[in-house]
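Engineer: I am attaching a structure below and will ask some questions about it afterwards.
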Amino acid sequence: MKRKRVGVLISGRGSNMAALVEAACDPAYPAEIVCVVSNRPEAAGLEFAQSQNITTHVIDQKNYSSRESFDIALNEYLQSQNLDLIACAGFMRIMTPLLLEPWAGKMINIHPSLLPLYKGIHTHERALADGAKVHGCSVHYVTADLDGGPVIAKAEVPVLAGDTRETLSARVLVEEHKLYPKALAMVATTKFNPNSSSFRRKPESV
Ligand code: GRF
């Protein structure tokens, strides 16, 4: 089995990246983590990746005046690493087609809600405000539709009486760390057609 070459994109803590790195330590895992890239030099996850002898690279967003110029630089770096797949793990940027199109069908993300519920930010607060009884996380393909690409796998957690953002997010995070390695393994062993209709961009509204 040839393991898929994966780059991980982070912006901060990097606990999901660490879960992927740990899973990929098993030689039987179908993917290897080749590099970890951050848009912020202070991202705490970089230190963990370095401690695991994984190549890290920073493309500091402060040095780019437009989304497009940043995405060109990031895409150039990712292409230079001969990657098969990209895993976004707390990568806090909206991407332009300059990054999305070259990686269509090859880029996945983990989101802390049961998609299609609660796309965007503050997912735990919104679930609590709605009185949701069940919450969780999803791994999905990245498309131009923010948090709206095809879902690969989900994991549920109960919302308990007295939950706060902190207790609920911690319960979800435990599941994220199990779900993401499983979902990446699924993607790494699946042939996927990026030209399928789910990847065509929605027409702009007029
Ligand atoms: C996670 O909750 C992930 O679902 C979301 O951002 C958070 C990142 O956490 N996209 P970490 O950096 O992986 O610890």
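The values are calculated or read from the model by the stated rules, or taken from the named source; none is laboratory data. Just so you know, these numbers come straight off a predicted model, no measurement behind them. When we count neighbours, we look across all protein chains shown, and the Cβ atoms used for this are built from the backbone with ideal geometry, even at glycine.
Rundown of residues vs (1) within 23 Å of Tyr64 (Cβ to Cβ); (2) of a type in the set (A, V, I, L, M, F, W, C), yes/no style:
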{"position": "Lys4", "(1), (2)": "no, no"}
{"position": "Gly7", "(1), (2)": "yes, no"}
{"position": "Ile10", "(1), (2)": "yes, yes"}
{"position": "Ser15", "(1), (2)": "no, no"}
{"position": "Val21", "(1), (2)": "no, yes"}
{"position": "Ala31", "(1), (2)": "no, yes"}
{"position": "Ala44", "(1), (2)": "yes, yes"}
{"position": "Ala49", "(1), (2)": "yes, yes"}
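Engineer: In addition: So which residues in the stretch 151-166 are without any contact (Cβ under 8 Å) to a residue 40 or more places away in the chain, surrounded by 14 or more Cβ atoms within 10 Å (Cβ to Cβ) and away from the ligand (no atom under 12 Å from the Cβ)?
Structural biologist: Answer for the stretch 151-166, where residues must be without any contact (Cβ under 8 Å) to a residue 40 or more places away in the chain, surrounded by 14 or more Cβ atoms within 10 Å (Cβ to Cβ) and away from the ligand (no atom under 12 Å from the Cβ): Val151, Ala153, Val157, Val159, Asp163.
Engineer: Continuing with this model, one more query. Whether any residue in the stretch 55-68 is in contact with a His (Cβ under 8 Å, 6 or more places away or on another chain), crowded, with 16+ Cβ neighbours inside 10 Å and either closer than 21 Å to Ala18 by Cβ or charged (D, E, K, R) (or both) is what I want to check.
Structural biologist: From the stretch 55-68, those in contact with a His (Cβ under 8 Å, 6 or more places away or on another chain) are none; that's our starting set.
Within the stretch 55-68, not a single residue is in contact with a His (Cβ under 8 Å, 6 or more places away or on another chain), crowded, with 16+ Cβ neighbours inside 10 Å and either closer than 21 Å to Ala18 by Cβ or charged (D, E, K, R) (or both).
Yes or no, residue by residue, for (1) buried (at least 17 other Cβ atoms within 10 Å of the Cβ); (2) more than 20 Å from Thr189 (Cβ to Cβ); (3) away from the ligand (no atom under 14 Å from the Cβ):
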position: Tyr77; (1), (2), (3): no, yes, yes
position: Ser80; (1), (2), (3): no, yes, yes
position: Gly90; (1), (2), (3): yes, yes, no
position: Leu99; (1), (2), (3): yes, yes, yes
position: Trp103; (1), (2), (3): yes, no, yes
position: Ile108; (1), (2), (3): yes, no, no
position: Tyr118; (1), (2), (3): yes, yes, no
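Engineer: Another one. Can you tell which of Ile59, Ile94 is closer than 22 Å to Cys137 by Cβ and either within 15 Å of the chain's Cα centre (by Cα) or modelled with pLDDT of 95 or more (or both)?
Structural biologist: On inspection, the qualifying residue turns out to be Ile94.
Engineer: Restricting to the stretch 4-18, count the residues that are closer than 26 Å to Arg171 by Cβ and more than 8 Å from the ligand (Cβ to nearest atom).
Structural biologist: 2
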